[in-house]
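Everything below concerns the one structure shown next.
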Amino acid sequence: MAAQILDGKALAQELRAGFKERTAALAARGHKPGLVVILVGEDTASQVYVRNKVAACESVGLYSEKLVYPADVKPVVVLDKIAELNADPRVHGILVQLPLPAHFDEAAVLEAIAAEKDVDGFHAENVGALAQGNPRFIPCTPYGVMKMFEKGGVDLSGKEAVVIGRSNIVGKPMALLLINAGATVTVCNSRTRDLRAHTRRADIIVAAVGKPRFVTADMVKPGAVVIDVGINRLPDGRLCGDVDFEGVKEIADWITPVPGGVGPMTITMLLANTIEAAERKAGI
Ligand code: NAP
């Protein structure tokens, strides 16, 4: 039997409808939520992501601003701007689009953002809070995945979960969230010996590898929940995930499509984090 689809696009729309009310309530009290997105350089994919983020903000009534710097800008210019935004009461969220050009110290830039405005959840304080099981801002992609589990009624407690990928933005925070939810978690990487042996016993697989159709049906246990974080551009221009959707959907119980799965949820959770930041500031 074919798997049920965890529809990120539909869930994103549902959540965003609720955001409009929260944004309006904040605006009525003089606290319209504001997000500033900083982009350095001309990476095409980053430009698209930033444009989508700004448009999403506007669609739910958030104030948003995009600041673009040339690729050769001096890091101090960006750091000074971040300091200014940290002090600006109209700004509740600050996001620096990654990756940054090689002459930047990425960690130093992320640390320069005030922890209470770090809506990406990448500041060390926020990573620490998540690791302690007391999160303040959850990184948007894994946060979106958790919302999809919730929507699908997927009980994580006691389950075997395998996360493929250990990046700071997806794999690691995803693993922490699954640990916090009571799953038994294995985090795999490019050096993992016999990846298939791990995925074959998983009740839950989260693929965040960056390789098209990497997870194939023979790697999946019947009845598993398979979350595809990957966004890969095929030579013909189409998007495809890290999971071989056509094969795996015949084996899994739940699966996320690409596009229309985790992607729309990521931006939605950025909006959620920005609204949460404004609500905290307003004492709501
Ligand atoms: P990343 O930083 O490149 O990390 C990829 C991870 O995959 C690394 O930890 C790497 O291991 C691991 N890996 C590579 N080959 C492997 C193999 N053969 N077996 C097991 N693990 C392997 O990528 P990322 O930023 O986490 O993103 C992953 C994917 O998600 C990309 O396609 C990206 O575009 C997508 N993404 C989507 C969203 C969304 O909104 N849907 C958001 C963010 C990212 P090592 O650490 O050992 O190198």
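Quick look at the values:
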{"item": "Count of the range 149-165 residues which are buried (at least 17 other Cβ atoms within 10 Å of the Cβ) and assigned to a loop (DSSP other than H, G, I, E, B)", "result": "4"}
{"item": "Selection within the range 233-266 - modelled with pLDDT of 95 or more and among the hydrophobic types (A, V, I, L, M, F, W, C)", "result": "CYS240, VAL243, PHE245, VAL248, ILE251, ALA252, TRP254, ILE255, VAL258, VAL262, MET265"}
{"item": "Search result, residues across the range 140-160 that are in contact (Cβ under 8 Å) with a residue 12 or more places away in the chain and either over 20 Å from LEU271 (Cβ atoms) or charged (D, E, K, R) (or both)", "result": "LYS147, LYS151, GLY152, VAL154, LEU156, SER157, GLY158, LYS159, GLU160"}
{"item": "Unique match (being surrounded by 14 or more Cβ atoms within 10 Å (Cβ to Cβ) and at positive phi) among GLY41, GLY34", "result": "GLY41"}
{"item": "Unique match (being within 11 Å of the ligand (Cβ to nearest atom), modelled with pLDDT of 95 or more and in the same structural domain as VAL243 (by TED's automatic domain parsing)) among GLY158, GLY210", "result": "GLY210"}
{"item": "Among (1) within 15 Å of ALA3 (Cα to Cα); (2) away from the ligand (no atom under 14 Å from the Cβ), the one test that ARG280 misses", "result": "(1)"}
{"item": "Some residue of the range 98-115 being touching a Cys at 6+ places or on another chain (Cβ under 7 Å), in contact (Cβ under 8 Å) with a residue 60 or more places away in the chain and under 23 Å from LYS211 (Cα atoms)", "result": "no"}
{"item": "VAL170 of a type outside the set (Gly, Ala, Ser), buried (at least 17 other Cβ atoms within 10 Å of the Cβ) and in contact with a Gly (Cβ under 9 Å, 6 or more places away or on another chain)", "result": "no"}
{"item": "Answer from ILE231, ILE204 - the residue that is in contact with a helix residue (DSSP H, G or I) (Cβ under 7 Å, 6 or more places away or on another chain), β-branched (Val, Ile, Thr) and either at negative phi or away from the ligand (no atom under 15 Å from the Cβ) (or both)", "result": "ILE231"}
{"item": "Positions within the range 214-223 being more than 9 Å from ARG200 (Cα to Cα) and of a type in the set (A, V, I, L, M, F, W, C), in sequence order", "result": "PHE214, VAL215, ALA217"}
{"item": "Some residue of the range 6-24 being open to solvent by 60 Å² or more (accessible area, probe 1.4 Å) and not in a helix (DSSP H, G or I)", "result": "yes"}
{"item": "Close pairs from the range 161-175: first touching a residue at least 24 places away in the same chain (Cβ under 8 Å), partner aromatic (Phe, Trp, Tyr) and more than 9 Å from the ligand (Cβ to nearest atom), Cβ under 8 Å, at least 6 apart", "result": "ASN168/PHE122; ILE169/PHE122"}
{"item": "Those residues of the range 96-123 which are of a type in the set (A, V, I, L, M), open to solvent by 20 Å² or more (accessible area, probe 1.4 Å) and under 17 Å from the mean Cα position of the chain (by Cα), in sequence order", "result": "LEU98, LEU110"}
{"item": "Cβ pairs under 9 Å, 6+ apart, first in the range 238-261 and without any contact (Cβ under 8 Å) to a residue 12 or more places away in the chain, second open to solvent by less than 50 Å² (accessible area, probe 1.4 Å)", "result": "GLU246/ALA217"}
{"item": "Every residue from the range 124-139 that is open to solvent by less than 10 Å² (accessible area, probe 1.4 Å) and touching a residue at least 12 places away in the same chain (Cβ under 8 Å)", "result": "LEU130, PHE137, PRO139"}
{"item": "The range 176-188: number of residues that are within 19 Å of ARG200 (Cβ to Cβ), more than 6 Å from the ligand (Cβ to nearest atom) and either modelled with pLDDT under 95 or not β-branched (Val, Ile, Thr) (or both)", "result": "2"}
{"item": "Evaluation of ASN52 against (1) over 18 Å from THR141 (Cα atoms); (2) under 22 Å from the mean Cα position of the chain (by Cα); (3) touching a residue at least 60 places away in the same chain (Cβ under 8 Å) (one fails), failing number", "result": "(1)"}
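The values are calculated or read from the model by the stated rules, or taken from the named source; none is laboratory data. Every value quoted in this text rests on a predicted model; they were computed, and no experiment measured them. Using ideal geometry, Cβ is built from the backbone for each residue, glycine included, and neighbour counts are taken over all protein chains shown. Ligands, DNA and RNA are stripped out before the accessible areas are found, and what is left, the full protein with its side chains, is counted by its heavy atoms. Shrake-Rupley method; radii C 1.70, N 1.55, O 1.52, S 1.80 Å.
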